[in-house]
Amino acid sequence: MENPKNQILVIFGASGDLASRKLMPALFSLRSQKLLPEKFVVIGTGRTNFTSEEFRIKMGESIPAFSEEKVDSRQVSGFTNDLYYHTMDNSNQDDFLRLRSLIEEIDTKYGIGGNCIFYMATPPLMYEPIAVNLSKAGLTVKPGAFRRVIIEKPFGYDLESGRKLNRTLHGLIDEDQIFRIDHYLGKETVQNLLVTRFANGMFEPLWNRNYIDRIEITSAESIGVEDRGGYYDSSGALRDMVQNHLLQMVGMTAMEPPSSLDSNAIRNEVLKVLQSLQPVKEEDVPKQVIRGQYTGSLIRGECVTGYRYEKGVDIRSRTETYVAIKFYINNWRWGGVPFYIRTGKRLPTRVTEILIHFKPTPHHLFRRDMGKLSANQLIIRIQPDEGILLKFDMKEPGAGFNVKNVNMDFHYTDLADIRVPSAYERLLYDVMIGDSTLFSRDDEVETAWKFLEPIQKAWANDPSIKIFGYPAGTWGPEHANDLIEGEALTWRYPCKNLADDELYCEL
Ligand code: BG6
């Protein structure tokens with residue numbers, strides 16, 4: 001592993017949840033693996049009035065609380081010693097000049113050499129003012145050193161705002177200085193998709209319309225909106241999950257083999273997939289897109305609040321907490337193969353998986369268990385219980401030729417001595433070494449918005465398009481099954497509904 005050059009990481013919005021829950025534990029873990037630069041300082045900034053000492057204490061408490069592994073408290077204080085805090089208002093230019101002085105002071109004290117990364121862990125409305133003020137304060141360029149900017153999603157709200165954000169950023173910094181985080185790309189199992197597909201000779205010849213019947217991608221969460229109701233109500237599942245995480249997984253599943261592992265070679269192939277998505281026409285939205293919103297229910301005897309009663313959510317909200325889409329990819333490899341993607345909150349379990357349904361054999365020689373027509377399935381489990389499951393048919397021992405569907409199941413946990421790093425660990429490390437492979441490029445982001453534009457327009461313009469209520473703890477609206485045509489075909493349900501009371505309704 002390459003050792004990153006000495007650098008300062010400035011986190012805007014450092015008093016927020018992302019910094020304490022994800023960024024600090026990830027940085028600490030990188031330090032434990034000796035993957036941080038030799039000289040490395042974090043400056044947290046925010047409006048909350050902390051001293052550096054108070055910030056160190058707060059982060060020192062977050063690291064053991066949110067790390068996946070047990071941490072040694074002496075190591076934690078070794079790490080927090082190099083944290084600083086700067087109270088500032090992101091719209092105040094003078095505060096940026098003071099930030100600049102602090103950066104220069106710390107740079108000299110530690111002998112860093114000018115490298116600096118700026119991480120926008122703030123509400124999205126602040127991205128543009130921060131970028132403008134960084135640039136005005138002369139912080140985005142430093143001869144002989146690098147200056148990089150990390151941006152959290154959402155990258156805009158729709159195609160127009162996504163384009164505008166890109167235009168503003170490009171007016172201030174170069175595209176290769178921008179690292180747009182889609183934390184799904186930092187997940188080990190999403191990266192493993194590339195290896196599964198392109199390091200194994202046996203999958204690639206089958207990976208096309210001739211052998212694949214359909215592809216299903218599910219990203220289910222059992223939690224609700226928790227304390228993010230305010231943000232979520234203006235976003236919804238389409239913007240929050242589909243525009244980024246799900247479409248990136250579609251890209252990785254459907255892309256052509258890249259010519260090399262170069263970051264642009266890989267992202268060019270993902271982009272080509274996004275460009276080939278057959279647009280869902282506005283008038284077809286009711287047929288191809290199902291949206292839902294969770295309602296209150298009883299799960300194992302306990303009351304679960306409905307979405308409209310969550311904190312920060314409008315009581316008449318029509319924001320979707322579930323969305324399922326059927327679409328096609330118009331290219332040589334995938335012509336005619338339906339892709340089904342779905343995501344939702346308050347579903348029965350947390351699971352993200354990519355399911356490849358192979359075509360059944362052309363001629364059925366054997367009797368199958370329960371008379372079902374079976375076909376091979378490859379299930380790539382992104383999380384939890386990361387691994388790969390291949391379902392195929394075997395002869396049941398005994399007389400005759402009874403066929404049974406069996407599993408060949410690989411779990412990452414079988415590699416007992418290997419730990420799966422968190423997505424943020426991987427992504428922070430990649431920014432430090434300047435590798436942008438696992439970050440969304442401007443054109444990918446805009447093309448993803450373009451695909452979603454007719455859906456957003458149809459929902460905004462046509463109030464007759466239904467939003468279905470589904471009881472918390474169920475697999476979303478039953479209408480999502482209508483997307484999957486064909487006899488006896490349904491989505492795969494990794495576990496049963498949990499709600500005691502299953503009343504679907506139209507909201
Ligand atoms: C985030 C979304 O990007 O991803 C959240 O904003 C969602 O709403 C989260 O809960 C899911 O991430 P993960 O890694 O838990 O699947």
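The values are calculated or read from the model by the stated rules, or taken from the named source; none is laboratory data. Model, not experiment: these values are computed from the prediction. Because the Cβ atoms are built from the backbone with ideal geometry, glycine has one as well, and the counts that use them run over all protein chains shown. Quick note on the areas: whole protein, heavy atoms, side chains included, nothing else; ligands and nucleic acids left out. Shrake-Rupley method; radii C 1.70, N 1.55, O 1.52, S 1.80 Å.
In segment 132-161, which residues are more than 16 Å from the ligand (Cβ to nearest atom) and either charged (D, E, K, R) or closer than 22 Å to Tyr184 by Cβ (or both)? Lys136, Lys142, Arg147, Arg148, Val149, Asp158, Leu159, Glu160, Ser161 - these are the residues of segment 132-161 that are more than 16 Å from the ligand (Cβ to nearest atom) and either charged (D, E, K, R) or closer than 22 Å to Tyr184 by Cβ (or both). Contact annotation: residue pairs with Cβ atoms under 6 Å, 6 or more positions apart or on different chains, pairing a residue in segment 92-106 that is closer than 16 Å to Asn49 by Cβ with a partner that is not in a helix (DSSP H, G or I), are Asp95/Met88; Asp95/Asp89; Leu99/His86; Leu102/His86. Residue under question is Leu139, and the condition is that it be open to solvent by less than 30 Å² (accessible area, probe 1.4 Å), closer than 15 Å to His86 by Cα, at pLDDT 95 or above and within 32 Å of the chain's Cα centre (by Cα); does it hold? Answer is no for this residue. Selection of segment 107-129 for residues being in a helix (DSSP H, G or I) and either without any contact (Cβ under 8 Å) to a residue 40 or more places away in the chain or surrounded by 22 or more Cβ atoms within 10 Å (Cβ to Cβ) (or both) yields Thr108, Lys109, Pro124, Leu125, Tyr127, Pro129. Taken over segment 312-326, residues that are surrounded by fewer than 19 Cβ atoms within 10 Å (Cβ to Cβ), under 24 Å from the mean Cα position of the chain (by Cα) and of a type outside the set (Gly, Ala, Ser) amount to 1.
Taken over segment 176-196, the residue count meeting the criterion of being open to solvent by 40 Å² or more (accessible area, probe 1.4 Å) and either among the polar types (S, T, N, Q) or within 17 Å of Tyr412 (Cα to Cα) (or both) is 2.
Please verify whether Ser276 is open to solvent by 40 Å² or more (accessible area, probe 1.4 Å) and among the hydroxyl-bearing types (Ser, Thr, Tyr), treating the condition exactly as stated. Judged against the criteria, Ser276 is not a match. Name the residues in segment 162-194 that are within 15 Å of the ligand (Cβ to nearest atom), part of a helix (DSSP H, G or I), closer than 21 Å to Ser235 by Cβ and not aromatic (Phe, Trp, Tyr), would you? Hits for segment 162-194 are His183, Leu185, Gly186. When residues in segment 27-73 are screened for being within 26 Å of the chain's Cα centre (by Cα), in a loop (DSSP other than H, G, I, E, B) and under 18 Å from Gln7 (Cβ atoms), 3 of them pass.
Scanning segment 267-317 for residues that are touching a Phe, Trp or Tyr at 6+ places or on another chain (Cβ under 8 Å), over 17 Å from Gln456 (Cβ atoms), part of a helix (DSSP H, G or I) and not polar (S, T, N, Q) gives a single hit, Tyr307.
For beta carbons closer than 6 Å, sequence separation of 6+ or different chains, a first residue in segment 227-246 that is outside any helix (DSSP H, G or I) and a second that is more than 8 Å from the ligand (Cβ to nearest atom) and polar (S, T, N, Q), the qualifying pairs are Gly236/Thr319. When Val270 is tested against the conditions (1) away from the ligand (no atom under 16 Å from the Cβ); (2) open to solvent by less than 10 Å² (accessible area, probe 1.4 Å); (3) in contact with a Pro (Cβ under 8 Å, 6 or more places away or on another chain), the lone failure is (3). Taken over segment 326-355, residues that are within 16 Å of the ligand (Cβ to nearest atom) and in a loop (DSSP other than H, G, I, E, B) amount to 6. Taking segment 21-45 as the range and being of a type in the set (Gly, Ala, Ser) and open to solvent by less than 10 Å² (accessible area, probe 1.4 Å) as the test, the residues that pass are Ala26, Gly44.
A quick yes/no check of all residues on (1) surrounded by fewer than 17 Cβ atoms within 10 Å (Cβ to Cβ); (2) within 12 Å of the ligand (Cβ to nearest atom); (3) modelled with pLDDT of 95 or more; (4) over 27 Å from Pro421 (Cα atoms):
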| site | (1), (2), (3), (4) |
| --- | --- |
| Phe198 | yes, no, no, no |
| Asn210 | yes, no, yes, yes |
| Ile215 | no, no, yes, yes |
| Gly236 | no, yes, yes, yes |
| His245 | no, yes, yes, no |
